[in-house]
Amino acid sequence: MTDEETRELVIDRLLLAMAAQLDTSGSPALAAGAAEALADLSRSQADVIFGQAGHLVHYGADTEPLKTLIHAITAIQRDEAPADALLKPGDEVRLVEVPESLADYDEMWLRETTFVVRYVGRNAMVDVQPDLAEDYVIATVPAAGVEPMRRESTP
């Protein structure tokens, strides 16, 4: 097993543990200390967390606790976003421009797929992830290349 595979398995276990803990707490919100630890995520940190969680949901059997965890992490990011932001984590969007990073995907599928904003950068770029039943890839796209569908989606 490579170091990268080991890291991914450790992250998987930690996400599953957090999801289980959240599931047994009876509350859809993370404890204050957990929320603090997940505040102010960088783009790469958000990509790792949502990518790994998305992978687990996409291929997993008992996904509701993980979806609750994804929603809780998204809520933390959403609370950190400026009140007047046009896009916030959790918003559902559609691609109006297909970025080069997704050139290997079917263009019709990309245009018909609902994506969820996972990260909003200060450089007019956003990270989006499709509905996890479809795929779990995270792509960085120009904010001008997406069209908001509705605000504050579920995972």
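The values are calculated or read from the model by the stated rules, or taken from the named source; none is laboratory data. All values reported here derive from a predicted model rather than from experimental measurement. Glycine gets a Cβ as well: all are built from the backbone with ideal geometry, and neighbour counts include every protein chain shown. Surface areas here come from the heavy atoms of the whole protein model, side chains and all, with no ligands, DNA or RNA. Shrake-Rupley method; radii C 1.70, N 1.55, O 1.52, S 1.80 Å.
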Q. Under a point spin-label approximation (7 Å from Cα along Cα-to-Cβ), what is the V10-T24 distance to one decimal in nm?
A. 2.3
Q: Could you tell me which of rounded, prolate or oblate describes region 1-93, using a ≥ b ≥ c as the square roots of the eigenvalues of the alpha-carbon gyration tensor, with rounded for a/c under 1.5 and, failing that, prolate when a/b is larger than b/c and oblate otherwise?
A: prolate
Q | Accessible-area value, M149, 1.4 Å probe, nucleic acids and ligands omitted, Å² | A | 80
Q: Can you tell me the relative contact order of the chain? Whole percent, Cα pairs under 8 Å, sequence separation 6 or more.
A: 23
Q | Derived scalar couplings ³J(HN,Hα) [region 15-32; Karplus, 6.51 cos²θ - 1.76 cosθ + 1.60; whole Hz; x for Gly, Pro] | A | 5, 5, 5, 4, 5, 5, 4, 5, 5, 7, 6, x, 10, x, 10, 6, 4, 3
Q.
For region 84-149, what does the accessible surface come to per residue with a 1.4 Å probe? Please give it in Å².
A. 52
Q | J(HN,Hα) series, region 138-148, from Karplus relation 6.51 cos²θ - 1.76 cosθ + 1.60, nearest Hz, glycine and proline x | A | 10, 10, 8, 9, x, 4, 5, x, 10, 10, x
Q) On the first, second and third principal axes, largest extent first, how far apart are the outermost C-alpha atoms of region 11-60 in Å? A) 28, 26, 15
Q: Tell me which residues come under 5 Å, amide H to amide H, from V146 once H is placed; ignore anything under 5 positions away on its chain.
A: V96
Q.
Give me the extension gain from Y59 to E107: residue separation times 0.36 nm, minus the current Cα-Cα distance, reported in nm with one decimal.
A. 14.9 nm
Q.
Using the Cα centre of region 1-63 as the reference point, and only Cβ charges (+1 on K/R, -1 on D/E), how large is the resulting charge dipole? Debye, rounded to the nearest 20.
A. 140
Q: Place +1 on the Cβ of every Lys and Arg and -1 on the Cβ of every Asp and Glu in region 1-84, take the dipole about the Cα centre, and give the residue among V48, T2, T68 whose Cα lies farthest towards its positive end.
A: T68
Q: For the chain, with all protein chains present and a 1.4 Å probe, just round the carbon and sulfur fraction of the accessible area to a whole percent.
A: 52
Q: Return the whole-Å distance between the Cα centroid of region 86-129 and the Cα centroid of region 1-35.
A: 25
**Q.** J(HN,Hα) series, region 69-78, from Karplus relation 6.51 cos²θ - 1.76 cosθ + 1.60, nearest Hz, glycine and proline x
**A.** 5, 4, 5, 5, 5, 4, 4, 4, 5, 4
Q: Report the dimensions of region 84-149 along its three principal axes from the alpha-carbon atoms, largest first, rounded to Å.
A: 33, 23, 17
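Can you give the helix-only mean residue ellipticity at 222 nm for the chain, where every DSSP H stretch with n ≥ 4 adds -39500 (n - 2.57) and the sum goes over all residues, rounded to the nearest 500 deg cm²/dmol?
On the way: 5 runs with 69 residues, N = 155.
Helix-only estimate at 222 nm: -14500 deg cm²/dmol.
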